[in-house]
Amino acid sequence: MNKKVMWIVIAVLCALVALFMYNQYLAPGGQEGSKTVTMEIVVAPEGIEKTYEFKTDADFVYALMMEVESTIKPEFQESSFGIYITGLEGYTADETKNEFYSIKVNGEDAVVGVKELPVEDGKTYRFELSTW
Amino acid sequence: MKARDITLVAILSASLTAGKIVLMAIPNIEIVTFLMIAFTILFGARKALLAALVFVTTEVLMYGFGTWILGYYIIWPVLILLTHTIVKQTESEYVFSVLAAIYGFLFGFFFAIFESIFYGVSYGIAYWISGIPFDIVHGISNFIIVLVLFKPLIHSLRLILSKWHVETR
């Protein structure tokens, strides 16, 4: 075998080993979210009442909901007032029945939408199907 | 310095910039290290240093100021001086391949020193560790590039330049 080709093969192998070792021992690992929040979802007509605890680094509730999309199955709708929740856990609020999802933070009504609602460590976010 | 030398330095620095731009889409695979070594061997440390100075200044004009500038103004002249010292002993492509490889491996570490000065030691360490995979790619690609291109380029440039009556080592 050509001497140079041999050295190139050795060099590439060394690089692969070095990259493997790096990934094993030095690479920064995935870090768990720094904030822990509770999310309660209540859809009474469907008998759904679930409580989740999530660890996240998301800044706003919308980002958190998208992070856990496969778990809580959220649906949203854009409007001139911003984005709002139309569905959770597979149930879509029926506008003809005046249904909507209310948002409470530690028991108090949220005054902003999910895109503006900050995720704060230790807080409980409750989404409940309500009627107006 | 003669007009001929000034022109040569301009062409060398333009080649460095062009070489950098051509491969800039591929992270940490570059031919600047190889060209610096080749230019030092062919034209001597003085002209190579001037070309490196123009090259780095061009980089600043193109990409703006940053902490990396200080590193660039030091790292390339050091490579040229090392090459200048080594070439007095040997002109083996293997020796220069190893030099280029070491340079690539230590590239991130070297810049981490500057980052440490500006942002603190812990930031410098994090900067270095997170860039190690790129340093590995840099070192190995430098090794291969120099090993493959060193002899053909030096040989053909010596031939061409002798026809143009340009002095080489």
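Things to note:
- Any hit, the range A:12-26, residues being part of a loop (DSSP other than H, G, I, E, B), out of contact with any Cys (no Cβ under 6 Å at 6 or more places or on another chain), within 11 Å of chain B (Cβ to nearest Cβ) and loosely packed, with under 14 Cβ neighbours inside 10 Å: no
- Some residue of the range A:100-120 being in contact with a Pro (Cβ under 7 Å, 6 or more places away or on another chain) and either part of a loop (DSSP other than H, G, I, E, B) or at negative phi (or both): no
- Every test in (1) over 30 Å from B:Gly139 (Cα atoms); (2) of a type in the set (S, T, N, Q); (3) out of contact with any Lys or Arg (no Cβ under 7 Å at 6 or more places or on another chain) is passed by A:Thr56 save one, and that test is (3).
- Matching option when the condition is more than 14 Å from chain A (Cβ to nearest Cβ), in contact (Cβ under 8 Å) with a residue 60 or more places away in the chain, within 22 Å of B:Ala48 (Cα to Cα) and part of a helix (DSSP H, G or I), among B:Ile80, B:Ile154, B:Ile145: B:Ile154
- Among the residues of the range A:77-122, those identified as crowded, with 16+ Cβ neighbours inside 10 Å and closer than 21 Å to A:Asp57 by Cβ are A:Ile103, A:Val105, A:Ala110, A:Gly113, A:Val114, A:Leu117, A:Val119.
- Residue-level check: of (1) assigned to a helix (DSSP H, G or I); (2) more than 23 Å from B:Ala25 (Cβ to Cβ), B:Thr90 misses just (1).
- Candidates are the residues of the range A:78-99 that are touching an Asp or Glu at 6+ places or on another chain (Cβ under 8 Å) and in a strand (DSSP E or B); the one that is nearest to A:Ile41 (Cα to Cα) is A:Leu88.
- Single unsatisfied condition, A:Pro74 versus (1) more than 14 Å from chain B (Cβ to nearest Cβ); (2) within 30 Å of B:Pro133 (Cα to Cα): (2)
- From the list A:Thr92, A:Thr131, the lone residue that is of a type in the set (Ser, Thr, Tyr) and either touching a residue at least 24 places away in the same chain (Cβ under 8 Å) or not assigned by TED's automatic domain parsing to the domain that holds A:Met39 (or both) is A:Thr131.
The values are calculated or read from the model by the stated rules, or taken from the named source; none is laboratory data. For clarity, every value in this text was computed on a predicted model and none was experimentally measured. Positions of Cβ are backbone-derived with ideal geometry, glycine not excepted, and every protein chain shown enters the neighbour counts.
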